[in-house]
Amino acid sequence: MKFIKIWYCISLFSLINLSKVILYNSKLFRLFTNTIIYYANQNKLKTSGRKLAQARPLPLSRKRSYDSSLTLDELRGLINILYCEVLSLNDLISSFIIFISKGNNPSNYDVLIREKVYKRLAIEVPSYPELKKKNMVKRLKEQMQEIINILPFTNDGVFYIYEFLKLELDESIALLGFSSRQRTEDERNGSLNDLLKIRERLTIRLMSNNIMVNDDMVTEAVLRIRKRVLDIMEYHYDKPSQSQNN
C-alpha cells in the first residue's frame, strides 16, 4: 500500500511537472522570439545605414568593427548554453523525487547532477570549457540544495521552490540578452556587475508571481545569475575567432 501511494505521488508530480515544463518552455520561446525580433530590427537599421553611406557592395558583416554587441547568430548560440542549464534543472527536479522516494541519501545526488550536465553539454556545446561545466554543476547543486533544505518535502513545497528557481533562470536569460546588446565592454561589464539592479529585477519577478522566499535565497540567486551569464559571455569572447575578428 505504501508503495502504491509513493508511485501515485511520483506519477502525479511527473504529470504536473510535464505540463509546467511545457508552459515554461513556451515562455522561454516567447522571450527568445522577442530577442530575435529586436536583433532583426537592429540589423535592418544597420543595413539601411550602410547602403546610404556606401555606394559599392561591402563584405557580409552583421556589425561594425567598433560595435561589440553580439549578432543574432552569436546570441542564439549563447542562449543554447543557458537552455542546457534550464533543461538540466527540469530533469533533476523530476529525478530527485524518485531518487528520494527510494530512500537514497540526498548527499549522493551530486553524481547524478554531474552526469546529466556533462551528457547534455557534450551533445549541445561540446566545446564548452571544463571549468565552466564545473561551474554549471556547482550552480545546479546549490539550486537542488534549496529543495533539500525543505525536507521532509511535499509536492507543493518542491513546486514552490522550483518556481523560484525558474524565475532565477528567467532573469538570467533577460540579463544575457541585455548585456549582449551593449555596444562597449564597459557597458557590458556594468550590466553584469550591477548586483543591486539584478536583485531589483528578480524581486519584481518574485512579487509578480507571488513567490516569497528568505533574503539569503534571493542573494544567492542574484550571485548565480551574474556568474551564469558571466561564464557564458566569457566563453564567447575567449573563443579564438573573437580575437581574430576584433
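General remarks:
- For region 177-199, the candidate set comprises residues that are among the acidic types (Asp, Glu) and surrounded by 12 or more Cβ atoms within 10 Å (Cβ to Cβ); within that set, the residue that is nearest to Leu72 (Cα to Cα) is Glu187.
- Residue match in region 162-176 (condition: without any contact (Cβ under 8 Å) to a residue 60 or more places away in the chain, surrounded by fewer than 18 Cβ atoms within 10 Å (Cβ to Cβ) and in a loop (DSSP other than H, G, I, E, B)): no
- Inclusion of Glu130 among residues that are without any contact (Cβ under 8 Å) to a residue 60 or more places away in the chain and surrounded by fewer than 20 Cβ atoms within 10 Å (Cβ to Cβ) is warranted.
- Subset of region 221-244 that is over 18 Å from Ser191 (Cα atoms) and in a helix (DSSP H, G or I) - its residue that is modelled with the highest pLDDT: Asp238
Listed here are the residues, each with its yes/no results for (1) modelled with pLDDT of 90 or more; (2) in a helix (DSSP H, G or I); (3) farther than 30 Å from Thr219 by Cα; (4) of a type in the set (A, V, I, L, M, F, W, C).
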| site | (1), (2), (3), (4) |
| --- | --- |
| Arg50 | no, yes, yes, no |
| Leu60 | no, no, yes, yes |
| Lys63 | no, no, yes, no |
| Leu75 | yes, yes, no, yes |
| Glu85 | yes, yes, no, no |
| Ile98 | no, yes, no, yes |
| Val117 | yes, yes, no, yes |
| Arg139 | yes, yes, no, no |
| Ile150 | no, no, no, yes |
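- Residue list for region 188-214, filter: over 22 Å from Tyr160 (Cβ atoms) and of a type in the set (Lys, Arg): Arg188, Lys197
The values are calculated or read from the model by the stated rules, or taken from the named source; none is laboratory data. Given the structure is predicted, the values throughout are model-derived calculations rather than measurements. Every residue, glycine as well, gets a Cβ built from its backbone with ideal geometry; the counts of neighbours run over all protein chains shown.
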